[in-house]
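Everything on this sheet refers to the single structure shown next.
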Ligand SMILES: NC(=O)c1ccc[n+]([C@@H]2O[C@H](COP(=O)([O-])OP(=O)(O)OC[C@H]3O[C@@H](n4cnc5c(N)ncnc54)[C@H](O)[C@@H]3O)[C@@H](O)[C@H]2O)c1
């Protein structure tokens with residue numbers, strides 16, 4: 001098992017994709033720090049992992065605050081003995097029609113999805129450099145980091161930013177034996193999409209519950225949206241020794257939706 005014994009921190013792991021990654025890696029023998037703004041949710045994920053015989057600890061905090069990221073990592077090091085893999089996964093979307101995008105929503109999204117990822121890379125790297133062990137950083141991008149969507153402008157900018165941060169960090173950190181990669185999901189059935197579906201109805205992009213998700217999923221070659229667990233295998237690969245010779249890459253995991 002190529003992730004066995006690795007100390008892994010996953011942000012945004014109380015639900016959705018982050019939770020699926022935490023569950024999969026813990027099941028394969030990694031020790032996982034489940035980090036989330038929703039501290040109670042993170043604690044519940046930890047309890048479930050422990051019930052299944054895995055090793056996990058929880059850390060509450062906001063990835064838009066450097067001090068919170070620092071304390072998540074410090075907790076991981078104190079409780080699990082170090083940090084080998086950092087998943088900068090926390091993120092959110094708030095759609096607005098292109099002509100109505102506000103500065104407020106722009107900054108909210110950029111602070112979490114882009115600045116949060118950059119600071120996550122920085123703070124994880126500082127710890128890995130101090131350990132002298134190298135490490136892996138994996139960022140959650142999106143199809144929205146490869147194409148612009150009219151009602152998702154700040155989100156798209158933030159996810160294009162995740163691609164840029166991934167490439168820049170890979171170049172900056174290679175000398176410390178730290179690899180930095182990203183994966184880019186398409187449409188994944190998580191609480192994020194449940195909220196997005198409602199928000200897109202509210203701004204008039206769709207007419208009934210479920211329609212926006214159906215519309216977005218129509219172009220997927222596989223023919224259906226992903227479940228969170230469909231993302232976990234790619235995430236596991238990027239956390240494992242199998243990807244040791246890979247850095248600065250973005251893996252599309254979208255069922256064949258955005259062909260880049
Ligand atoms: N669901 C999709 O279709 C999809 C597609 C492409 C990319 N993504 C990306 O995948 C990642 C996970 O998305 P998801 O669908 O699992 O979302 P989700 O809303 O189901 O889960 C996100 C988790 O992140 C946490 N979070 C949000 N803001 C945070 C913050 N500031 N600090 C700490 N934790 C925070 C939330 O509390 C939540 O538990 C996000 O970066 C998202 O942009 C999702």
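Computed from the coordinates by the stated procedures, all read-outs in this text should not be read as laboratory data. What you are looking at is a predicted structure, and each value in this text was computed from that prediction instead of being measured. For neighbour counting, all protein chains shown are included, and Cβ atoms are generated from backbone atoms with ideal geometry for every residue, glycine included.
The table below gives the values:
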{"item": "Highest-first arrangement of 89-102, 180-193, where packing means the average Cβ count within 10 Å", "result": "180-193, 89-102"}
{"item": "Peptide ranges 123-135, 2-14, 204-216 listed from the most packed, as the mean C-beta count within 10 angstrom indicates", "result": "2-14, 123-135, 204-216"}
{"item": "Rough spin-label spacing in nm, given labels placed 7 Å along Cα→Cβ, for residue 208 and residue 222", "result": "2.6"}
{"item": "On Cα atoms only, tilt of 16-27 relative to the major axis of the chain in degrees", "result": "30"}
{"item": "Percent breakdown of C-alpha pair distances by 5 Å bin, ordered from the shortest bin, for the range 1-151", "result": "2, 10, 19, 22, 18, 12, 8, 4, 3, 1, 0"}
{"item": "Cα-based equivalent ellipsoid of the range 122-226: semi-axis lengths in Å, sorted from largest, via gyration tensor", "result": "35, 13, 12"}
{"item": "Crossing angle, helix 66-80 versus the chain [Cα axis fit, 0-90 degrees, rounded to tens]", "result": "50"}
{"item": "Rg/Rg_ref, the chain, where Rg_ref = 2.2 N^0.38 Å and atoms are Cα", "result": "0.96"}
{"item": "Euclidean distance between Cα centres, the range 89-108 to the range 207-260, Å", "result": "22"}
{"item": "Cα-based helix-to-principal-axis angle, 116-131 vs the chain, degrees rounded to 10", "result": "10"}
{"item": "Percent of C-alpha pairs per 5 Å bin, the range 212-256, short to long", "result": "5, 19, 24, 20, 13, 11, 6, 2"}
{"item": "Global form of the range 98-159, assessed from the alpha-carbon gyration tensor, a/c cut-off 1.5", "result": "oblate"}
{"item": "The range 1-75: Rg to Rh, with Rh as the Kirkwood radius over Cα pairs", "result": "0.96"}
